[in-house]
Amino acid sequence: MKIHIPVALTLLFAILISPDLFAQRKDSDAKISFFNFVGATRKRDKLSDADIRIRYAFNPEDINDRSTWIDEGQLKIAPDMTDYSSYFIEVDEDSLMHWFDVHGRNVAAYPPVRWLQGYRSDYWIEYQYSQITTKDGILTEWATMPRELDQENLYYTESLPLFKWDIGTETATVCGYECIKATCHWRGRDFTAWFTPDIPVQYGPWKFGGLPGLIMKVSDNESIYSFEAVAVENGSFPIFAPRGSKYKLSTRDKVWKLQRALNENYFKTADHSVIQVRTGRVISSREHPYTQLELE
């Protein structure tokens, strides 16, 4: 017997199972600390100069609408090191620094409007609020924490991650470059990457790398996390040391567990409470569904 499903119900099923809808969004109570940005504009120590910068849309709902992106990341490649950080945050810090240059710091109030862009721009997620540098085979993650934990920023080092890529023959065009498909299993997830031999560097967004060409696009096979190049720029791009509050040495395991806990239940993890204005109820615990990019 043939069963006829109404068109409206079919569309609903298609929406419910669409992999794009499972992308990790900012969905927690963790917000950014404004004072980290104020401190970040006081001193900027330059580490190196990059001659190429690649900008990536991170978890975009619409690649043509930056307001739907969780972040716009930037990979700066210098002869002696690489740096991956948030382009949105760099623009915001530059704008705030200019504001201080015009108005001074001895003011009654800081600017009421921020320049951050993207989806839920005043909320924290570790992939936007971490700076990742690589130098001499060592990767360092500088993890900036939300709200009151801004004084507990952490960093750790590890050897450059090893990705065992399987390079295929399928090709696609990403950001105007012809790319080749590669796949791998890494830290609990299956990933698909598209790299271009036209830019012969073994780097990519965030921690990804190890292919014979720049990674232009990479996503996990469940479509929860994705990075896609939107611009490749040549020029002079300074790489700065992490800004803001001091960072304490930690381990990858401790940072990883803390980031997960802050996303899942910020109030409980930070030992912080707020009063809900509408109901007057004190909130000291509230759970959110969350899955990290690295599962192990």
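The values are calculated or read from the model by the stated rules, or taken from the named source; none is laboratory data. If you're wondering where the values come from, they're calculated on a predicted model, not measured in any experiment. When we count neighbours, we look across all protein chains shown, and the Cβ atoms used for this are built from the backbone with ideal geometry, even at glycine.
In the stretch 183-204, which residues are touching a Leu at 6+ places or on another chain (Cβ under 6 Å) and crowded, with 23+ Cβ neighbours inside 10 Å?
Phe195, Thr196
Out of the stretch 115-139, which residues are surrounded by 13 or more Cβ atoms within 10 Å (Cβ to Cβ) and either in contact with a Gly (Cβ under 6 Å, 6 or more places away or on another chain) or among the β-branched types (Val, Ile, Thr) (or both)?
Ile125, Ile132, Thr133, Thr134
I want to confirm something. Restricting to the stretch 79-114 and keeping residues that are of a type in the set (Ser, Thr, Tyr) and part of a helix (DSSP H, G or I), which single residue is surrounded by the fewest Cβ atoms within 10 Å (Cβ to Cβ)? Spell out the reasoning first.
Taking the stretch 79-114 as the starting set, the residues that turn out to be of a type in the set (Ser, Thr, Tyr) are 82, 84-87, 95, 110.
If we keep only those that are part of a helix (DSSP H, G or I) as well, we get 87, 95.
On the way: Tyr87: 21, Ser95: 16.
Filtering the stretch 79-114 for residues that are of a type in the set (Ser, Thr, Tyr) and part of a helix (DSSP H, G or I), the one surrounded by the fewest Cβ atoms within 10 Å (Cβ to Cβ) comes out as Ser95.
So which of Ile5, Ile70, Ile52 is at pLDDT 95 or above, touching a Phe, Trp or Tyr at 6+ places or on another chain (Cβ under 9 Å) and more than 21 Å from Asp122 (Cα to Cα)? Steps first, please.
Working: Ile5 fails: at pLDDT 95 or above; Ile70 fails: more than 21 Å from Asp122 (Cα to Cα).
On inspection, the qualifying residue turns out to be Ile52.
If you take the residues of the stretch 226-283 that are in a strand (DSSP E or B) and touching a Ser or Thr at 6+ places or on another chain (Cβ under 6 Å), which of them is nearest to Gly213 (Cα to Cα)?
Keep residues of the stretch 226-283 that are in a strand (DSSP E or B), which gives 226-240, 248-249, 274-275, 282-283.
With touching a Ser or Thr at 6+ places or on another chain (Cβ under 6 Å) added as a condition, the list becomes 226, 239, 282.
Numbers: Ser226: 18, Ile239: 22, Val282: 52 Å.
Checking each candidate, the answer is Ser226.
Looking at the stretch 48-78, which of its residues are touching a Ser or Thr at 6+ places or on another chain (Cβ under 8 Å) and part of a loop (DSSP other than H, G, I, E, B)?
Passing the criteria: Asn59, Pro60, Glu61, Asp62, Ala78.
Among the residues of the stretch 169-212, which ones are touching a Lys or Arg at 6+ places or on another chain (Cβ under 9 Å) and among the aliphatic types (A, V, I, L, M)?
Ala172, Val174, Ala193, listed by residue number.
What pairs come out if I take residues in the stretch 269-284 that are more than 16 Å from Ser28 (Cβ to Cβ) and free of Cβ contacts under 8 Å to residues at least 60 places away in the same chain and pair them with residues that are hydroxyl-bearing (Ser, Thr, Tyr) and in a loop (DSSP other than H, G, I, E, B) whose C-beta lies under 6 Å away, six or more apart or interchain?
Matching pairs, first to second residue: Val282/Ser273.
I'd like to verify a number: residues in the stretch 151-167 that are surrounded by 14 or more Cβ atoms within 10 Å (Cβ to Cβ), in a strand (DSSP E or B) and touching a residue at least 60 places away in the same chain (Cβ under 8 Å), how many?
Qualifying residue count, the stretch 151-167: 3.
With the requirement that a residue be free of Cβ contacts under 8 Å to residues at least 60 places away in the same chain and either of a type in the set (Ser, Thr, Tyr) or touching a strand residue (DSSP E or B) at 6+ places or on another chain (Cβ under 6 Å) (or both), what does the stretch 181-198 give you?
Lys181, Ala182, Thr183, Cys184, Phe191, Thr192, Ala193, Trp194, Phe195, Thr196, Asp198
From the list Glu170, Glu141, Glu148, which one is more than 13 Å from Tyr247 (Cβ to Cβ) and either assigned to a strand (DSSP E or B) or among the β-branched types (Val, Ile, Thr) (or both)?
Being more than 13 Å from Tyr247 (Cβ to Cβ) and either assigned to a strand (DSSP E or B) or among the β-branched types (Val, Ile, Thr) (or both) holds for just one of Glu170, Glu141, Glu148, which is Glu170.
Being surrounded by 13 or more Cβ atoms within 10 Å (Cβ to Cβ), polar (S, T, N, Q) and modelled with pLDDT of 90 or more narrows it down to one of Ser236, Ser226, Ser245, so name that one. Even if it seems obvious, please write down each step before you answer.
Values: Ser236 fails: surrounded by 13 or more Cβ atoms within 10 Å (Cβ to Cβ); Ser245 fails: modelled with pLDDT of 90 or more.
Going through Ser236, Ser226, Ser245 in turn, the sole match is Ser226.
Every residue, every condition in (1) without any contact (Cβ under 8 Å) to a residue 24 or more places away in the chain; (2) out of contact with any Lys or Arg (no Cβ under 9 Å at 6 or more places or on another chain); (3) closer than 15 Å to Glu228 by Cβ, yes or no:
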{"position": "Ile52", "(1), (2), (3)": "no, no, no"}
{"position": "Asn59", "(1), (2), (3)": "no, no, yes"}
{"position": "Gly73", "(1), (2), (3)": "no, no, yes"}
{"position": "Ala109", "(1), (2), (3)": "yes, yes, no"}
{"position": "Gly118", "(1), (2), (3)": "no, no, yes"}
{"position": "Asp122", "(1), (2), (3)": "no, no, no"}
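Can you say whether Ile239 is within 16 Å of Ser85 (Cα to Cα) and among the aliphatic types (A, V, I, L, M), as far as the supplied structure shows? Please lay out each step first, then the result.
Numbers: within 16 Å of Ser85 (Cα to Cα): yes; among the aliphatic types (A, V, I, L, M): yes.
Considered against the rule, which asks whether it is within 16 Å of Ser85 (Cα to Cα) and among the aliphatic types (A, V, I, L, M), Ile239 comes out as yes.
Anything in the stretch 258-296 that is among the charged types (D, E, K, R) and either closer than 18 Å to Gln151 by Cα or surrounded by 14 or more Cβ atoms within 10 Å (Cβ to Cβ) (or both)? List them, or say none. It would help to see each step written out before you state the result.
Within the stretch 258-296, the subset among the charged types (D, E, K, R) is 260, 264, 268, 271, 278, 281, 286-287, 294, 296.
Within the stretch 258-296, Arg260, Glu264, Lys268, Asp271, Glu294 meet the criteria.
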